[in-house]
Structure formats: C-alpha cells, structure tokens
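Participant: The structure's right below; bear with me while I get my questions together.
Please treat every number below as a calculation from the coordinates, not as lab data. Note that the structure is predicted; figures quoted are calculated from it, not measured. Here Cβ is always computed from backbone atoms with ideal geometry, including for glycine, and neighbour counts include all displayed protein chains.
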C-alpha cells in the first residue's frame with residue numbers, strides 16, 4: 001500500500017511542478033515589468049499580481065508538503081505585502097534579491113521529487129533573512145527626480161532608494177505585453193490537456209491523410225475494374241448478333257431435322273444471352289460503387305483536412321509562451337556584463353505551431369544573446385557615441401503574407417563589424433582578403449560578407465565569453481530554422497544595429513519534395529534546394545581532373561552518384577541505360593548534379609523527426625510518411641553537397657558480366673530475414689528479387705524468368721510447401737530448382753518438403769550462409 | 001491371459017488414491033457440484049485475500065516485472081515499466097549513414113520510431129536465421145526506440161532473489177547492461193541503462 005502512496009505522491013508532485021512553474025514564470029515576468037514601470041498605479045497593479053502569484057505558490061507548496069518552498073514564498077509574500085501597503089519602490093539591490101529568490105525557487109522546483117540539498121536549504125535560510133531584513137519601508141517622501149547617473153548595476157547595499165529607471169524611457173504600450181494578462185478564461189471554458197495526448201491526436205489526424213489517399217486509390221481501382229467490365233461487355237456486344245442469329249436458325253430447324261448437339265448448343269447460346277444481361281448489371285453496379293467510393297473519398301478528404309487544420313490550430317501557441325523567458329535572460333545577461341539593456345516584445349500574441357515554437361526556443365535565445373553580447377555596447381561607449389545609455393533589443397513577431405510568420409530581432413547596438421568578418425573569413429580561407437588589389441572583383445560585398453556570419457567558425461568576438469563567441473551559434477540557428485522550413489537573414493537595423501529576420505511557416509507545413517529512387521531505396525529531395533531535374537546522355541559524362549562532370553545549360557557541373565555518396569548499393573541494371581537521371585542541388589557555383597536511378601515524381605511531404613535516438617544523421621534531414629504509409633527519408637542537401645565533395649572520385653562502377661548473372665527469387669515473409677537473405681545472395685553475385693509470401697512469389701515466377709527459388713516455409717496466403725507444389729505442377733516452371741529455408745526441422749517436415757518437390761532443405765536454426773550458397777551452387 | 005499381460009505394466013496402481021477420488025466425485029455428484037456453505041465461505045475468503053494482496057512491482061525491490069522475448073535462440077527479459085508497446089514489424093525503412101545496429105525507422109501511428117538490432121549492438125554472433133519480426137518499443141522520459149525480437153513470450157514476474165549476477169557465457173557489451181540471469185536461464189537486461197546510453201544515440205553531421 002505504501003507503494004500506492006508513493007505513486008500518488010509522485011503524481012501530485014508532477015502536477016505541482018507544472019503549476020508552480022507557471023507561478024514562477026509569472027512572478028519572474030512581473031518582477032521584470034515592475035522594474036521597468038514607473039507609473040505608480042501601474043506598479044501597484046503589478047505588485048498585486050506578483051503578490052497573488054506568490055500566495056498561490058505558497059498554498060500549492062503547502063499542499064504537497066514542500067516546506068522550504070512554502071517558507072520562502074511566505075517571506076516573499078510579506079515583502080510584497082509591505083510593498084502593497086505603501087507607495088514603496090524598490091532599489092536595484094532589492095530587485096536583485098527578489099530575482100535571486102525566484103532563481104532559488106526555480107532550482108527547488110527543478111528537483112522537486114527529491115529532498116532539498118543542504119546548500120539549497122542554506123540558500124533559503126539566507127534569502128529569508130535578507131527578505132525580512134530588507135523589506136520595503138514606506139517612503140513617505142515623493143520619489144525624487146530620477147537622475148541618469150546612478151549606475152544601474154551597482155551592487156548597492158540594499159536600502160530604500162528611488163527607482164533608478166528613467167521615467168521617460170521604454171514605457172511604451174508594448175511594455176504591458178511582457179506582463180501576463182490575468183488569464184481571461186479560468187473556468188469551464190478551457191481544459192488542460194497533456195501535450196502528449198494532443199500530439200497523439202495530431203499523429204492520428206495526420207494518418208487520416210494516408211487514409212484519404214488510400215480512398216482515392218480505391219476509387220481508381222474500382223474505375224479500372226469497371227472499364228475492364230465495360231470492355232468485356234463491348235466484345236460481347238460484337239458477337240451477340242451472331243449468337244442470336246445462330247439461335248434463331250436452330251429454332252427454325254424442323255423438329256425432325258435436328259442434330260445431336262443442337263440442344264446443347266441452344267443451351268449454351270441461351271446462357272450467353274443471360275450472361276450479357278449479367279455483365280450489364282455488373283457494369284451498372286460497378287458504376288454505382290465507383291460513385292459511392294468517390295463520394296466517400298471526397299467526404300473523408302474534407303473531414304480529414306478539416307480535422308487536421310483544427311488540430312493544428314489547437315496546437316498553436318502564442319510566441320509569448322517562449323519569449324517570456326527572454327526578459328529575465330536579458331536582464332541577468334546585461335547585469336553580468338555591466339550593460340544597460342531594455343528588452344521589448346511586440347506581437348507576443350502572434351500564434352504559431354507548437355512544434356515550431358519548441359524548436360525555435362534555442363535559435364531565439366541565441367539571437368538575443370548575440371545582440372546582447374556583440375551588439376549592445378557598454379553604457380560609456382554608447383554615451384560617447386551620442387546614443388542613449390540604455391540599449392534596446394526588440395523582438396517583434398507578426399503574421400505576413402502567405403500564411404507565414406516573421407520574427408525580427410533588432411538591436412540599436414554597434415552592428416556587425418564587416419571588416420572583422422572579412423578578416424576572420426580570410427583567416428579561415430573562406431574568402432579572399434579584403435581590400436586586396438583589384439577592387440570589387442575579389443573582395444566580398446557587404447551582403448555576402450554578412451552572410452558569412454552564418455558559417456561555422458566565424459565569430460568576431462575577440463574573447464570567448466560564457467555567453468557566446470564560439471562562432472558556432474549562428475550556423476546552428478540557420479540549420480534549425482531551415483529545418484523548420486524557414487529562412488533567416490541578417491541586415492542592419494534602422495537604429496544602426498543588427499537586425500535578424502526569421503521567416504517561418506505558421507504550421508509545421510508540408511513542402512514540396514522530389515521523390516527519387518536509388519537502388520532499392522527511396523528518398524525525398526526538398527524541392528527548395530533543387531535547381532533542376534534533368535536527363536542527359538551517358539556519353540556526355542566527361543572526366544576532368546579525375547572528377548566526373550556533366551554539361552548542363554552550357555556549364556560543366558560536378559557529377560556525384562547518390563548511391564555512392566550515401567554508401568548504399570546502386571541499381572546495377574541502371575548502369576547499362578543510355579541516359580542518366582540527374583537532380584541538381586545547391587546554389588550558384590556550389591551546384592552538384594546527383595545521379596539517381598529514377599525520379600518518381602514531385603509531391604507534398606510533411607517533415608517528421610527521426611525519433612529521439614537519431615538526433616542527427618549525416619545526409620538525412622528527417623523522414624516523411626507517404627500516402628501508402630511507407631516512410632521515406634528526406635535528404636539533407638547542405639550535408640549532401642559536403643559529402644559529395646568529400647567522396648573519393650571514382651568512375652562508374654564496373655558492369656561485370658552482368659547479363660550472365662543468375663537471378664534468384666527469395667520468398668520470405670519476415671522483413672529482416674528477407675533483407676538478410678537478399679544481402680547474402682547479392683554479395684555472392686546473384687541478381688536477387690524478393691517476394692513477401694508464396695502467392696506473391698508465384699505471381700512473380702510467372703511473369704519473369706528466374707533461375708532458382710529460395711523460399712521460407714511458414715508464410716501467409718501460400719506457404720512454401722504449397723508454393724513448391726504449385727511450381728512443380730506448372731509446365732513452364734516445373735524444372736525450377738527450389739530451396740526451402742525453414743524453422744521446421746522435424747523429419748516429417750523434411751519429407752513433406754521432398755514430397756512437394758523441393759531440391760534442398762535448409763534449417764533456420766543452424767543456418768549458415770555457406771550451407772545456403774553451397775546448396776545453390778550445386779543446383780545451378 | 002492377454003488381459004493380464006495388458007494390465008501388467010500398470011501394476012503400480014494406487015488404489016487408495018482411486019478410492020479417494022471416487023469418493024470426491026460421489027460427494028460432488030450428491031451435492032450437485034455445489035460446495036457447502038462453509039466451503040463456499042472458505043473459498044470466497046481465500047479469493048478475497050488473493051485479490052487484496054497488492055501485486056509486487058519492480059519498485060519494491062523484491063520482484064521485477066519483465067517482458068520475456070527470444071533473440072537468436074536465447075531468452076531475454078526487460079523491465080516492463082520501460083515497454084511502451086509491442087508490434088509486428090511489417091514495414092521498415094533503412095537509413096543510410098547510420099551504424100549497423102540501427103536497423104531503420106518505422107511509422108508508429110504517425111510517429112517515426114527507430115529500430116535497434118541488439119544482436120549487432122551487443123556484437124553477438126548471428127547464428128541461425130531468426131524471424132526478428134517483433135518490435136518492442138522502449139521508452140523513458142528522454143528516449144524512445146524499438147528493439148527487434150524473434151518473438152515475445154509474454155510478461156512474467158521474477159523475484160530478485162532468483163537472479164544470479166552473471167554467466168560465464170555472457171561476454172562483452174551485454175554484461176554491461178545485465179541486471180541478472182534467472183535459473184531458466186533468462187538474461188534480464190537493464191532497460192534504463194540502455195535507454196540512457198549515449199552510445200545508442202546518433203548525432204552526427206558532415207564535416208565542412
């Protein structure tokens with residue numbers, strides 16, 4: 001029973017943690033807002049809010065027996081209640097104290113399942129003392145006029161001091177945005193649903209899209225069957241008059257003149273006539289069926305699309321849900337660097353797909369950090385440059401045309417020092433040195449130079465701070481944003497600083513992709529990364545400096561074989577065709593023509609991650625689920641371009657005596673065994689095709705010539721014994737050697753195999769590839 | 001004569017047992033198969049007792065609930081708390097540029113799940129041709145992947161006291177993830193350790 005208590009307590013704590021996290025977040029946002037707000041009545045409102053949040057958190061902590069959180073809240077609550085009573089204002093030191101308290105609360109919540117550590121308890125004790133010792137005293141005197149020269153980051157001894165904020169700065173209407181509005185819909189109108197459950201609903205709604213496509217396939221199948229029946233009816237209609245004439249002649253014949261087969265012939269003709277009616281009826285039934293199926297398809301389609309849209313809407317969250325951590329981040333960051341920075345959010349209510357938002361958290365934090373670290377100057381520098389001492393970082397989000405979201409992060413700092421970027425780029429040999437001889441032709445223009453900062457290794461920061469400066473961040477930002485189907489660009493902001501602009505899809509959108517086949521594998525190339533899909537004559541391939549190139553639109557492009565780049569087996573039959581299929585990826589001089597075996601078409605695809613185990617796979621960006629439910633990997637084009645350049649130049653794989661190779665058919669229902677058998681046999685030099693069960697194998701055997709059949713015994717639809725018997729009974733196949741591979745090893749099974757006509761019998765339990773290969777070699 | 005011969009091998013009939021069973025049957029027939037009130041009360045009480053006894057779970061340290069599966073002819077067990085679901089492997093998409101132990105990815109109701117071949121991860125000799133057509137999806141708060149099994153036998157509860165630390169035949173990587181071996185023998189693997197192992201995580205990009 002104790003165990004149940006424990007489980008209950010765990011659940012309780014999990015609930016508490018979620019609730020408490022919201023309180024702490026609101027508290028933190030409230031403190032930031034309070035620090036920036038000068039208007040007394042506004043401040044009063046904010047104090048009221050933080051007081052309430054603290055109070056609620058205290059109650060919640062008491063309910064789950066987290067004493068340390070409760071007492072800490074208690075102290076903070078008293079602090080706020082004093083503040084509430086008077087027109088008290090807070091010093092920078094007191095704000096620091098409160099922020100510190102919030103940090104400790106967050107830490108306590110982070111490990112809420114465990115008992116607090118000694119260090120945590122000591123911190124709580126210390127903070128409580130400081131909170132009670134430094135409570136706001138009512139400052140009866142009106143707040144003095146604020147002077148600009150009070151260092152904001154002075155770790156002044158906590159004492160009642162006038163607000164250090166200048167009354168005129170940064171109290172725009174946007175300021176109010178960072179303060180969470182009181183939740184308008186507490187009550188029956190909203191329901192809390194665990195995200196995991198919503199995700200499950202989304203996945204299932206997405207799979208309805210597959211059902212929609214399947215329904216369409218059904219319609220097509222029925223239409224095909226219908227046209228067959230109509231063709232049959234037409235043929236019958238042609239012979240019908242003859243049959244009728246024949247019947248009439250039979251009927252006119254004198255009874256005495258009748259011949260022996262007449263009755264039978266008449267019966268046959270009558271039957272044919274009836275069958276005509278039957279075929280007509282069937283054609284009509286198929287027509288009705290096709291219409292009904294079409295109707296079903298359309299209604300399923302519109303329901304599925306509507307449902308998916310609604311579910312996506314349900315998964316939309318306002319930008320504020322991730323941006324609200326930023327004000328505190330900026331505050332803490334600017335303090336530690338001795339900078340004075342204001343942070344504003346515009347359009348915090350703009351909604352965007354939760355999945356996008358989640359992946360956007362790191363890029364946003366990074367960009368803000370970038371502005372904070374490299375953009376905004378120290379107060380002295382700013383004043384010297386004639387700028388206001390307080391810097392500004394602004395994040396604005398808005399919906400733009402085409403159902404896309406634009407997020408701009410701009411600062412009024414020093415901007416990106418282009419000459420430094422040029423130097424670094426030169427050092428890394430990414431670009432020719434700046435100002436080197438002939439102007440313009442070799443030196444980078446400003447736009448191209450700005451682009452360089454997204455390259456890894458380029459950082460203009462002379463020192464690596466704990467915040468940024470490692471030169472990797474922006475590369476990651478770009479990669480993350482591009483993976484979401486968005487883009488990121490950088491420019492100068494009107495205020496002279498830096499301006500990063502992110503454009504993102506509103507929902508985790510589908511994008512267009514080119515579906516290609518390479519050997520037996522299929523892949524999707526994102527269309528956005530492609531410039532061309534072409535087919536060229538094989539003879540056009542030329543070797544230049546040991547690398548293959550191909551002329552396209554008057555330019556020689558490097559040629560890479562996709563199979564080789566990905567290190568997968570290629571389609572050997574393809575090596576004999578007269579032309580090659582190319583997919584050209586990349587931009588400008590960075591283009592590479594990838595040779596694939598077949599382009600299957602272009603279609604809408606929805607990107608999905610590869611699961612938690614596969615965080616990042618070389619050359620693969622994700623996967624998508626096709627209409628038929630099959631999963632196809634999506635290629636990561638930037639990786640591919642790099643890989644293609646790394647790949648050792650190698651000529652066309654030799655086409656050995658391919659035509660003379662024996663072809664084998666492997667029938668096996670287990671996908672892993674199928675792959676294994678195929679692999680072993682292909683390595684041994686055979687052409688191998690596979691079948692998923694006996695019936696599939698039999699169909700393939702009848703449509704294509706094979707030299708030998710390797711079959712599992714236990715398969716659905718038609719087992720190996722039946723398949724063997726069927727092969728033996730078939731005139732065309734009777735001599736085909738058959739090797740049975742099976743888990744059944746009893747003598748009776750062996751005999752049954754022999755009886756059915758198998759030439760060899762290999763037991764799975766003692767399976768050894770040399771046994772199989774020996775048996776096959778003997779039979780061929 | 002012939003009858004005697006036929007009866008000869010069954011000479012050791014326990015007549016008292018036969019009589020006892022006959023008596024039981026007679027008793028049952030007379031009572032129309034229904035136990036008397038006292039007996040009914042006893043049975044019900046015993047049943048209530050059995051139902052009221054809480055099932056011992058993994059967390060109490062005495063027993064461990066494991067899912068039992070076959071892999072390369074050997075029996076394995078894994079903590080049931082980490083098993084999300086089991087399904088037959090019907091379709092699989094292989095991924096290039098991944099280590100051999102990553103067999104590929106599958107679509108589980110719209111979610112992409114990677115599938116691991118433990119034989120390759122543990123570097124086991126691949127003797128025999130398994131069926132390998134069941135996927136056991138393991139998950140923790142931070143990780144989800146499927147492992148391949150030839151077949152899944154079911155769930156069973158194993159007392160911890162029954163576990164032996166190891167077997168001399170268990171070598172290599174497998175030993176690292178070993179929770180213990182039962183007498184049967186069944187190799188019980190530490191699912192939590194597998195799920196938390198960074199060696200199973202693929203995180204690579206192409207060098208510039």
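Participant: State, to one decimal in nm, how far the label point of residue A:313 lies from the label point of residue A:196, with both points 7 Å from Cα in the Cβ direction.
Facilitator: 2.8
Participant: In nanometres, what is the gap between the two model label sites at residue A:11 and residue B:28, each 7 Å from Cα along Cα-to-Cβ?
Facilitator: 4.3
Participant: Going by average Cβ density within 10 Å per residue, which order do the peptides B:40-50, B:103-113 take, highest to lowest?
Facilitator: Highest-to-lowest ranking by the protection proxy: B:103-113, B:40-50.
Participant: Separate question: Share of antiparallel DSSP beta bridges in segment A:291-422, in percent to the nearest 5?
Facilitator: So the antiparallel bridges amount to about 65 percent of the total.
Participant: I'd like the FRET efficiency for residue A:600 and residue A:361, computed as 1/(1 + (r/R0)^6) with the beta carbon distance as r and R0 of 41 Å, rounded to 0.05.
Facilitator: Calculated value: 0.65.
Participant: Further question on the same structure: Give me the extension gain from residue A:589 to residue A:262: residue separation times 0.36 nm, minus the current Cα-Cα distance, reported in nm with one decimal.
Facilitator: Length gained between residue A:589 and residue A:262: 109.3 nm.
Participant: Please express the shape of segment A:200-314 as an equivalent ellipsoid: the semi-axes are the square roots of 5 times the eigenvalues of the C-alpha gyration tensor, given largest first in whole angstrom.
Facilitator: So the three semi-axes of segment A:200-314 are 54, 10, 9 Å.
Participant: Something else about it: For a test of the definition: using alpha carbon positions, the gyration tensor, and the 1.5 limit on a/c, classify segment A:2-144 as rounded, prolate or oblate.
Facilitator: The shape class here is prolate.
Participant: Rg(Cα) of segment A:661-779 divided by 2.2 N^0.38 Å?
Facilitator: Cα-based Rg divided by the globular estimate yields 0.94.
Participant: For segment A:327-404 and segment A:498-566, compute the distance between their C-alpha centroids and round to whole Å.
Facilitator: 37
Participant: How high is the relative contact order of segment A:2-144, given as a whole-number percent (alpha carbon pairs under 8 Å, six or more residues apart)?
Facilitator: Worked out over segment A:2-144, it gives 28 percent.
Participant: Once the Cβ-Cβ distance between residue A:277 and residue A:577 is put in as r, and R0 is 51 Å, what FRET efficiency do you end up with, to the nearest 0.05?
Facilitator: 0.50
Participant: Mind checking the mean number of beta-carbon atoms from other chains within 10 Å of the Cβ atoms in A:195-208?
Facilitator: The mean count of partner-chain Cβ atoms within 10 Å per residue comes to 2.
Participant: Expressed as a rounded percentage, what relative contact order does segment A:661-779 have, with Cα pairs under 8 Å and six or more residues apart?
Facilitator: Across segment A:661-779, relative contact order equals 22 percent.
Participant: Taking neighbour Cβ counts within 10 Å as the exposure measure, how do A:29, A:75, A:711 sort from fewest upward?
Facilitator: A:75, A:29, A:711
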